[in-house]
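Have a look at the structure below, then the notes.
Read the figures in this text as sums done on the coordinates, not as results from a lab. If you're wondering where the values come from, they're calculated on a predicted model, not measured in any experiment. Cβ coordinates were reconstructed from backbone atoms using ideal geometry, including for glycine residues, and neighbour counts include every protein chain displayed.
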Amino acid sequence: MQDIHQDPICALATANGMGAIAVIRVSGAGVKALVSKGFSKDLSALPSHSVHLGWMLSAHGERLDEVLATLFDHGKSFTGEESVELACHGSPYIQQLLLQRLVEVGCRLAEPGEFTKRAFLNGRLDLSQAEAVADLIAAQSKQAHQVALQQLRGRFSSELQQLREQLINFAALIELELDFAEEDVEFADRSSLKQLVASVLQMVRRLAASFELGNAIKQGVPVAIVGAPNTGKSTLLNQLLGEERAIVSDIAGTTRDVIEEVLNIEGIQFRLIDTAGIRQTTETIEALGIERSQQKIEQAKIVLCLADSGDASNLQETQEWVQSLKTLHPDKNILLILNKADLNTTVNLNNQEEVLQISALNGDGVLELKNKLVQLTLGDFSIQDETIVSNARHHAALELTAAALDRAQAGLDGQTTADFIAMDIREAMRQLGQITGQIDVDTDILGTIFSKFCIGK
């Protein structure tokens, strides 16, 4: 894209509130000269990537604050525009005073995400990299940070570009055939084209399939701990967290409402949900808690069904319940957990796909359970070795790409004419281009994307 020079904008680039220092970013055409109107030195002729100590001054020449001004020339800043970053003292009063002064000399306050939007419009970032900036800021776990960083570095963009180039070559051959339709000339070997479409389709489907993992990492993986009263759900929650978070007692129905806590395992954030014991009850408050427990099962990605290994009746009921949940929720990971293994009781199991035995009281088997949670979350994906899609817009575009390639593949297998196949290939290319912004992107889409950013980024 060509460089786009817009009006000068300014905003606080650091978090709101009091701190030792704050940074105010200014970007736009001629901002070095503009800032100089309120600075004790003339910055306009000074070189890029230089830092200058001076005073921000009021319109009457009064000293407002001593600041460090870092200069960036056009083409050498985050936005691609001429930029100045002012490091000032972190008093909210000083921050507002300096922003007001910048407005007085000719800047306007930036809109949310406007700096990153300009970086995209000026070709410093593609659209997927721009969106990764927001994900990087919002990352709350190691793996969420890793996924966002890979996207920001251009790994995802590079893969998409390779896919588009393959489709462009394919489309060129098909379009060439259309140009010579009257001569009935075939420029493209159909078997080779089938292999190409199949290969690209496989990669697109793999990327689309990674969204479930990426979204879970980004939002946190909801894990519901469910079971009958007194099976040790709250004890297990406390053991996983390493602290006494939930009240534990021998009285059935102690947990009346859901309790949610966050646990980080191997860089993945799990949202643990301790639910009220599920049973028949006439007690109004407990019944409400049980109803909420059922709702949390619906929302969870992983459901841990606890059974008391020393209670044959409870064990039987829980096994039947697990099978029922697997039938009702085939998309969820339902795991049977046999608690109170420290009691050394004899356990008779029906044919279960997988069972873990633990002691929530003394911690036996809890490490294996943590490893299992990570395994169920990652599946066969490797965050270090693969691109993981975490953005819903990207996932939707990949699904549409796959649908277009499916149609092209069916057309190659059948008697579909080249012009219809070409249309499907062009649609696949368009959808891939929408992700990175390599084609014209609707301004409404851009507005939606960048409006979710914080001001100053």
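Database remark: amide H of G19 closer than 5 angstrom to the amide H of G90, S91 (H placed geometrically; neighbours at sequence offset of 5 or more, or on other chains; Pro and chain starts carry no H).
What is the projected area of the convex hull of the Cα atoms of region 9-126, averaged over all directions, in nm²?
Numbers: hull surface 26.6 nm².
Computing the convex hull of the Cα atoms and averaging its projections yields 6.6 nm².
Note on region 9-126: antiparallel DSSP beta bridges, both residues inside, total approximately 95 percent of the bridges counted. Annotation: the residues I21, I425, sorted from fewest to most other C-beta atoms within 10 Å of their own C-beta, follow the order I21, I425.
Computed from the Cβ-Cβ distance with R0 of 25 Å, the FRET efficiency linking F381 to R153 stands at 0.85.
If you add up the charges near A312, with Lys and Arg at +1 and Asp and Glu at -1, over every other residue whose beta carbon is less than 15 angstrom from its beta carbon, what do you get? Don't skip to the end; give the middle numbers.
Numbers: positive: K340; negative: D308, D311, E317, E320.
Neighbour charge sum, excluding A312 itself: -3.
Computed about the Cα centre, the dipole magnitude for region 9-126 is approximately 60 debye when only Lys and Arg (+1) and Asp and Glu (-1) carry charge, each at its Cβ. Amide H contacts for Q6 (H built 1.01 Å from N in the peptide plane; partners 5 or more residues away or on another chain; cut-off under 5 Å): A29.
Could you please rank I383, I358, I225, placing first whichever residue has the fewest other Cβ atoms within 10 Å of its Cβ? Provide the component values of the computation, followed by the final result.
Details: I383 20, I358 25, I225 29.
Ascending number of Cβ neighbours within 10 Å: I383, I358, I225.
Restriction of the trypsin sites (Lys or Arg not before Pro) in region 57-162 to DSSP coil positions whose beta-carbon has at most 16 other beta-carbons within 10 angstrom yields K76, R153. Taking amide H as placed 1.01 Å from N in the peptide plane, F39 has its amide H under 5 Å from the amide H of L57, each at least 5 places away in sequence or on another chain. Among S158, S390, sorting on how many other beta-carbon atoms sit within 10 Å of each Cβ, with the fewest leading, yields S158, S390.
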